[in-house]
1. Between beta-carbons, use under 9 Å as the cut-off and find the net charge around H518, counting Lys and Arg +1, Asp and Glu -1.
2. Would you tally the net charge around L760, using a Cβ to Cβ cut-off of less than 14 Å, leaving L760 out, and scoring K and R as +1, D and E as -1?
3. Measure nothing but the geometry: give the 0 to 90° angle between the long axis through the Cα atoms of 261-274 and the longest principal axis through the Cα atoms of the chain, rounded to 10°.
4. Ordered by packing density, taken as the mean number of other Cβ atoms within 10 Å over each peptide's residues, highest first, how do 354-362, 775-783, 387-395, 976-984 rank?
5. Quick one: 3J(HN,Hα) in Hz for the stretch 562-579, Karplus 6.51/-1.76/1.60 with θ = phi - 60°, rounded, Gly and Pro as x.
6. Provide the FRET efficiency to the nearest 0.05 for the H469-D312 pair, computing r from the beta carbons and using R0 = 56 Å.
7. Please state the charge dipole magnitude for the chain, taken about the Cα centre, from unit charges on C-beta atoms (+1 on K and R, -1 on D and E), reported in debye and rounded to the nearest 20.
8. Rounded to the nearest 20 Debye, what is the dipole magnitude of the stretch 754-808 about its Cα centre when Lys and Arg each give +1 and Asp and Glu each give -1 at the C-beta?
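Nothing in this text is a laboratory measurement; each read-out follows from the coordinates by a stated rule. Predicted model only: the values in this text are computed from it and were never measured. A quick note on method: Cβ atoms are made from the backbone with ideal geometry, for glycine too, and the neighbour counts reach across all protein chains shown.
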Amino acid sequence: MASKEEEARRRHIRLHMEGALTARDKVGVQDFVLLDAHTSESAFVENLRKRFSENLIYTYIGTLLVSVNPYQELGLYSVSQMELYQGVNFFELPPHVYAIADNAYRVMCSELNNHFILISGESGAGKTEASKKILQYFAVMCPMTESLQVARDRLLLSNPVLEAFGNAKTLRNDNSSRFGKYMDIQFDFQGVPVGGHIISYLIEKSRVVYQNQGERNFHIFYQLLAGGEAERLAYLGLERDPQLYKYLSQGRCAKESSINDKNDWQTVSNAFSVIEFTEADLENLFGILASVLHLGNVCFEEDAQGCAAIPDTHEIKWIAKLLGIYPSVLLEALTHRKIEAKTEEVICPLSPELSVYARDAMAKAVYGRTFTWLVSKINSSLVNKDFTRKTVIGLLDIYGFEVFDKNGFEQFCINYCNEKLQQLLIERTLKAEQAEYEAEGIEDEECIRPGHATDLSFLEKLEEKVGKHAHFQTRKLAGPKGRKRIGWMEFRLLHYAGEVTYCTKGFLEKNNDLLYRHLKEVLCRSKNSILRECFLVAELENRRRPPTVGTQFKNSLSSLLEILISKEPSYIRCIKPNERKEPSKFDDLLIRHQIKYLGLMEHLRVRRAGFAYRRKYEHFLQRYKSLCPDTWPHWRGPPAEGVERLIKYIGYKPEEYKLGRTKIFIRFPRTLFATEDAFEFSKHQLVARIQATYKGCLGRRDYVKKRQAAIKLEAHWRGALARMETHRRKWAVQIVRKFIKGFIHRKEPLCPADEDFVLLVRKNYILNLRYHVPKTVLDKSWLRPPGILDNVSTLLRKMCTRNLVRKYCHGITAEWKAMMQQKVVASEIFRGKKAGYAESLTRPFANSRIEEGDINPKVLQVISNENLQYAVPVTKYDRKGFRARQRQLLLTQKAAYVVELAKVKQKINYAALRGVSTSNLSDGIFVIHVSPEDSRHKGDVILQCEHVFEAVTKLVMLVKREDLVNVVQGSLQFYISPGKEGTIVFDTGPEEQIYKDKNGQLTVVSVRRKS
C-alpha cells in the first residue's frame, strides 16, 4: 500500500515538473547555467525579468538559489508545498527555498555530516524571511516528539527577540537586520531538532545614538513604549511618546504606519517567557533599555571655565536608580575623565563636546554588550543537555555587499566579510564541480583558484603597505582622471563586485570604539546583574588597550570561516526588485547593481568553468559548422565525426575538450568564448578591415592639418604673451612707486601724492571692521584703527554703540519687563542667603507652571471669583507623620490654595499669613506660617517645590510684603496645633533625602553645591 502511494506521488511530481518545464520555456530558464549568453549581464537580467513577471521568484545557478523578493503573498509556503518538496531530488521540481532546506537535511541525515546555508543580499531583499521559511520547514517536516517540542519552540521564538533588539527600520527596509547572525540547528541521529546555538556579528551600535532621516532606532525601544504596562513604564520613568527621547526622534519617523509596535511587543513578551527569562532578568534588561533612553536626554552646558556641566540632573537620577549606581558618581564620570600617570590619578574636566562623546559611547557600550548578553542567554536556553554526537545545519544571515554615496568603517568591515565569503563560495563551488566530473567518469586535472584577500590597515599606512597593489588607489596614487573622483580623506578598493570608495573620516574612532575608563569603573560597580556580567572588574585590572572593533570583527570572521569550511555549503542570494517595495515592479538598474555586488555573474562563470559547457553533437555541429569548410554548408556523415573534424580545424588543443558518447565537453570558458567570438567575427571581418583602413587615412590627413595650424598659432600666441607681460610689469612698477610715496607722506595733509594710499588704508579698515563689529551692548571690543583714522574710528564706534542700545531697548517686551521686576524682588529676598540662587538667575520665571486645562474644573469654579495668578505642582508633607503628598499650589489675588485633584485641601488668606520660611541650602522646602489665632487654618503648611525661588517670589509680590520671607540655617519651627510645634532640620550629604528621623523631626538633606 505504501509503495503504491509513493509511486503515485512520484508520478505527480514528474507531471508537475514537465508542466513547469513547459511554462519555464516561455519565461526563461530555471537554471542560469543553461543560459546560452551566460556572460551577458543583460541576458541574466532578462531571464530574471521573465520569471519575475510570471511570479517565478526562484532561479538556480547550479545549486545556488537566487531569490527575488515579490513584496506580495504568492501562496508558495503552505504545508502542502513543504510536503511536495520533502524527499525529492534537488532538480526534480522548480527552484524553491524548501528544495535548499530539504536537500541539506537529507544529505545531513544520510551522510551524517554538517551543513550550512549562507543567505546574503541587500537590506530589504528578503534574507530574514528566507531564514524564517527554512526554520519553519525544519519545524514542520522534521520528526518531532513532545519532549522536544520546547526546543523547537525556543528555536522559532528566538527570532522575534533577536529582531526586536537587532533590527530597525531603515530607508530600504522596515525590518532591516543591523547585525550578522549565524545559527546552528542541532539534530540527533534520528534527524530530530534538539537544540541550537547563535553567534552574532558586528551589531550596529552607532544606531543607538544616531539615526538618519527616515530611519528608526532598534525596534525594542518603540515596542517597550507602545506595549509596556503602565506600571512598568512608571517604574522605569518612561512616557509612551517616543518623541520625548532624543535617541528615538532623530529620524523623525518614530511612529510608522507599517509597523505595529504594540502587537510586536506581545510577541516578544511571549517569547521571553518561552526562552526562560526570569522576572529579575527582564527587570534588569528593561532597566538598561530605559537608562539608555534617559541617557540620551542628558544635556550639557558650558560653565564659566569652559567645562561641561549638567544643569538638570533629573535624568541622571533615573539612570542611577535603574542601574544601581550613585548619581553623583555618574555625574562626575560624564563630565570628567580619569587619567592615570604611573602611580597617580588625575581627574580632568571634559568640554561639552567630549561629554556628549562620553555619553554616547556609554550608551553604545551598554547596548552592545547587553545584546551580546542577550544572545548568550538565548544560547543557554537552546543548549542540549544530551552530549551524544549531533549533526548541525547552520543558517548564516549576513549583510550583503554595500556601496553608498558615502562609505565608512561599517561598509569596510561588511565588504571585507563579503570578500572572504565570496572566496569561500568560489572555492567550494569548484570543489563540488570536480566531484561531479569524477562521478561522471571524466578526469579533471586543474581548476581555477581565486587570489588571496588583501588584509587592510588604517589609512595612514595603506600607501606604505599596499600602495603598489593594482586593486588599491588613493588621490595621491591615482592618475589625473581618477584623482578628481577621490577625496583627500578617501581610498578606493577594487572588490570582486566592483570599485568602492571609502571615506576614512571616523575610521579610527569607530575602530577604537573607546569607552572612558572612568565610565567603565562606574558600570563595573553597577548593581544591575546584567551589567555586572557585561562589565567585569577584571577589565579594569588589565592595563592593555582592548582589541579594536576591526580586530574583533576579523577574528570573529576567521572563526566563522573555520566553522563554514568544516561544513557542506548551500547558498541563497536574495535580490530586491525595487526600492519602493512595490509588487510586480522590476527596476533594471537596481537589479544589475545587486547582481554585480552579489557576485552572481562571477559565480555563473565558475559554474561554467572546468567542463563548463556540455552539448549534444547534433546541436554543436548545427551552430558552428560555418567555421570549417568541410562541414559547411552541410555534413553528411555521423554528427560525432563532423564535430571532431570541426574542432581540429578550429584548433582545439587536446586538454581543452573531451568527447563523450553523445556530447562534447568543453573544459575552459575561454575555449567556448573564442569559438563563439570566431563565429560572430567571421561575419564582420571584411567590413571591419575596410573601415579600419579608411578611418586611418582620414585620421592621418586630419592630424597633419591640425599640427601645422598648431605650430603657427603657438608662435603668434607666444609673441602676444610676451607683449602682455611687458605691459603688465610696467604698470606694476608705477603702482608700487605711487604707494611707496603715499606711505612716506601718510601723516601729511591729503594731497595727490598720498591720496591713493590713504584711500586704500581707509577701504581696508572699513572692510575689516565689518567682521569685528560688536554684536551686543556688553561687547566692548573694537578693531584698532590706523593712526590716520582715529577720529573716524571713534565716530563709528559711537554710532555702533547707539544702534545696539536702540535695538536692545526696542526688543524689551512688557512681559520681559515684568519678569525682570520679579527677578529684582527675588534678588532682594535670596541673594547671598540661599544656595542655588546664582544658578537660578539664567532660568526665566514662568507665568504659571500648570496649564489651566490641567486644573480640575471644580477647583476653578471654587476660585472663580478670584483671579488665578500662578499655579505650580508641589509636594506637601503632613505636619505629624511627614508623609509626602502630591498637590497643586494655586495663588490668587486674595489667597493661596493647596489642592488635591478636585478638592481644595487648605485655603490660606493673605491676611492670615504670618510669614514664609525656607533654608539656606539648595533644597526646595518652604513653610507657609499662618496665624495660630485663626481657627480656620489647620496649621503651618510644609511644601517642597522644584521652582522654590519662583513660587516664593510670586507669593511675596501678591502679599506685597518683602519682609515676609525668613531664610533660616540649621532648623526651623512650625506650628502644628495650639501648644504644639514641630521641627525641620536641614543638613547636607552626598545625595538628596527627606525623611523622618528617630527624634520625630523632618530631616532634609541637600547636596552641597560647589562654590
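1. Details: positive: R337, K338, R517, K520; negative: E332, E521.
Its environment carries a net charge of +2.
2. Numbers: positive: K738, K741, R746, R762, K763; negative: D754, E755, D756.
So the surrounding residues net to +2.
3. 80 degrees
4. Working: 354-362: 20.4, 775-783: 10.8, 387-395: 16.9, 976-984: 13.8.
The densest-packed peptide leads the list: 354-362, 387-395, 976-984, 775-783.
5. Residue by residue, the stretch 562-579 yields 4, 5, 5, 4, 7, 10, 7, x, 9, 10, 10, 10, 9, 10, 9, x, 7, 7 Hz.
6. So, using R0 = 56 Å, E works out to roughly 0.55.
7. On the way: 152 positive and 121 negative charges, 1022 e Å.
Dipole of the chain, to the nearest 20 debye: 4920 debye.
8. Magnitude of the dipole: close to 520 debye.
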